[in-house]
Amino acid sequence: MEDQLLLICGIAFAAVLTILSLLAGIIATICRLFPVRAADLPDPAAEEAVRKALTKVFPGCRISEVREIKS
């Protein structure tokens, strides 16, 4: 009985490891097909500056999201 339980656990572990490896490969492939340019990433310093300016102008407000609207 105990040997069967160890076998089942080993098979389950191998299955999960295989599935996670496949998912990692799929994600890596997607990242290679659709790379993210550094210009597309948000600038954390600019976001923090906007947050500080808004907090100064509107004390007590809560900023949930800062988005850049590209024209």
- request: Check off (1) surrounded by 10 or more Cβ atoms within 10 Å (Cβ to Cβ); (2) over 27 Å from the mean Cα position of the chain (by Cα); (3) of a type in the set (S, T, N, Q) for T29 and give me the number that stays unchecked.
  value: (2)
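A quick yes/no check of all residues on (1) in contact with a helix residue (DSSP H, G or I) (Cβ under 6 Å, 6 or more places away or on another chain); (2) aliphatic (A, V, I, L, M):
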| site | (1), (2) |
| --- | --- |
| C9 | no, no |
| A12 | no, yes |
| S21 | no, no |
| A28 | no, yes |
| P35 | no, no |
| D40 | no, no |
| K52 | no, no |
| I63 | yes, yes |
| E68 | no, no |
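Within segment 31-59, can you find the residues that are assigned to a loop (DSSP other than H, G, I, E, B) and within 21 Å of S71 (Cα to Cα)? Quick ask: steps written out before the conclusion?
Step one: list which residues in segment 31-59 are assigned to a loop (DSSP other than H, G, I, E, B), which gives 34-37, 41-43, 58-59.
Within segment 31-59, V36, R37, L41, P42, D43 meet the criteria.
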- line: Filter segment 32-71 for residues that are of a type in the set (S, T, Y) and exposed (fewer than 10 other Cβ atoms within 10 Å of the Cβ); the one that is modelled with the lowest pLDDT is S71
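The values are calculated or read from the model by the stated rules, or taken from the named source; none is laboratory data. All of these numbers come straight from a predicted model, not from anything done at the bench. Virtual Cβ from ideal backbone geometry, glycine too; neighbours counted across all protein chains shown.
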